[in-house]
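Just below is one structure, and these are the notes that go with it.
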Amino acid sequence: MSRSPSFSLKLEPNSKIDPESLKQWVVAFCIIRFDLEQGQLVEECYPPGSLTHNEELEIAFNSFPDSVSQHHNRSSIHDCILFFRFRRRKLLKREMCMQKPLLQIMGPLYFDIGKRALEHIAYFVSLWPEPLPGTLMELPIGNAMLKVSLPPAHDLFGTFRGILLQLWTLWELLLIGEPILIIAPTPSQCSEAVAGLVSLVAPLLCSIDFRPYFTIHDPEFACLNSLQEGDMFTPMLLGVTNLFFLKALRTMPHIVSVGIPPPNSSWPTFGPRASAGRIPSKPEGFGLQQLSLKKLSPSNILNAVKLRREGPLCLMTEHKEAVWSSYAATTKPDTSILNRLIDAGMSPRVEESMSVVNNEILRRHFLELTTNFLAPFGPYFRTSTPSEGASPFADPPPLPSFNVDNFLGNLSAGGPGKFLSKRMRSNWLDLYRQFLNGHNFMPWFQRRHIVAEQEQHRLWRKARMNTDIQQFISQMSEVEVVETFNTIERCLLEETQVTLLHKIFLSIYIEMEFLTWNLLNF
């Protein structure tokens, strides 16, 4: 590994790292070494003491490809970038953000100058502004400039290209929080696939436990491995590369195989993409007619039956892109979206650019699909402002309370809306029932409810500040004046954390106190 000669890191004299600014982006930088006698070890950690001993062990074990399945050999080990999650006792304000370009700089730099690379990189990261999710940020690192999207856009099309027809089924499984096992040939493809699935249900936040790269060394593996036939898996999304998981977690209800083995690996040979979700190549597009004929061809039907009969253990001898699940999806694959996708052929450069286009098409569609699915919950987050002539100093009305039976009854009567009606089967209401009973609904609903309450308080606060208090109080009775006085006093206490608003309410409070004293003693 060698870094580009045009790249350089020059520190100013007496350059100091701001620990709090660094924590906005990263907890620590670690260098992991594989010792033949002791196994994986954290050789360097910067800043020192950022991680506990157990956390260092987890990072060390997750940083190397999972121990050997029968199809791994030394030729399959190569440079790769992956990401993983693990539980921390110390809660953080936000999940840390780390980008691939930074790691591509740090790796070669470490081989050039040793552990000083960690301090150099950390210094420049500490100068970065606070992460702004949903934006494209330019972040300087030495004489280079990183342009990154937060959160990073993961590749849906490239990762799930062999099972595109199954994306709508996977969307539903993620929506209702079902346990899913993702298996891929490499850690990079594995972690990318899990991240792609999690983002498939955006803007809904995935509340189930998801692990972009899960290994047998994870402390929770022993618990999962001990599950017996008939035991229920907790809602989770696990990404693995070790084929041992196919046997250890054989009762996992939904198994997804994605990706392509690296050229020099001894993974099972990559046979024809026999999954029912395979879309054939066609330079000018995927073509609905060709898709339908291919899907219903005798060979494709036989392959699908063979896959179902053999089950996921067939991956032990031959890698295939496929989905094994008994779940009957409500949402139909959108053929108009599939027809817009472009198959770029074999050229890597053209393939990459076309993947970007296809990825954007799929992301927009599933964002619209999720948004429309969540739309019936909108009335429960609808805010209000004081009606004309009403007192803005009264408490805002509470948001509508949620009742499952009332919601389903109203939804059944009104229907799912035009967008979903064309894309879902007649049992669409069952999908809502499963969503309400799943692990994603309540955390999402509570977050949205809190945001709506805060917005409503903001609107009423603005109305209070824009009120002509002298004119308003002249129309009140003595009882109303006292109630208004108490309301302002309570609002003032709530605003003590905000200096500007505190000053505004304080001036109103003093004026109200003076006017109240005059009115009551008139």
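The values are calculated or read from the model by the stated rules, or taken from the named source; none is laboratory data. What you are looking at is a predicted structure, and each value in this text was computed from that prediction instead of being measured. Here the Cβ positions follow ideal geometry from the backbone for every residue, glycine too, while neighbour counts run over all protein chains shown. The area values use the complete protein model at the heavy-atom level, side chains included, leaving out ligands, DNA and RNA. Shrake-Rupley method; radii C 1.70, N 1.55, O 1.52, S 1.80 Å.
A few points about this structure:
- LEU57 being at pLDDT below 80 and aliphatic (A, V, I, L, M): no
- As a summary of the residue check, GLY142 satisfies the conditions (1) under 24 Å from VAL194 (Cβ atoms); (2) modelled with pLDDT under 85; (3) not basic (Lys, Arg) except for the one numbered (1).
- Residue count for region 414-435, restricted to those that are open to solvent by 20 Å² or more (accessible area, probe 1.4 Å) and modelled with pLDDT of 95 or more: 5
- Some residue of region 377-390 being open to solvent by 60 Å² or more (accessible area, probe 1.4 Å), in contact (Cβ under 8 Å) with a residue 60 or more places away in the chain and either among the aliphatic types (A, V, I, L, M) or within 27 Å of SER199 (Cα to Cα) (or both): yes
For (1) β-branched (Val, Ile, Thr); (2) under 30 Å from CYS206 (Cα atoms); (3) open to solvent by 40 Å² or more (accessible area, probe 1.4 Å), each residue gets a yes or a no:
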| position | (1), (2), (3) |
| --- | --- |
| ASN440 | no, yes, no |
| TRP444 | no, yes, no |
| GLN470 | no, no, yes |
| VAL482 | yes, no, yes |
| GLU489 | no, no, yes |
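- Conditions (1) surrounded by fewer than 21 Cβ atoms within 10 Å (Cβ to Cβ); (2) over 28 Å from LYS332 (Cβ atoms); (3) of a type in the set (A, V, I, L, M): number failed by VAL240: (1)
- Residue in region 188-195 that is in contact with a strand residue (DSSP E or B) (Cβ under 8 Å, 6 or more places away or on another chain) and open to solvent by 10 Å² or more (accessible area, probe 1.4 Å) present: no
- Region 211-237, subset among the polar types (S, T, N, Q) and assigned to a loop (DSSP other than H, G, I, E, B), residue surrounded by the fewest Cβ atoms within 10 Å (Cβ to Cβ): GLN228
- Of all residues in region 145-164, those being at pLDDT below 85 and touching an Asp or Glu at 6+ places or on another chain (Cβ under 7 Å) number 2.
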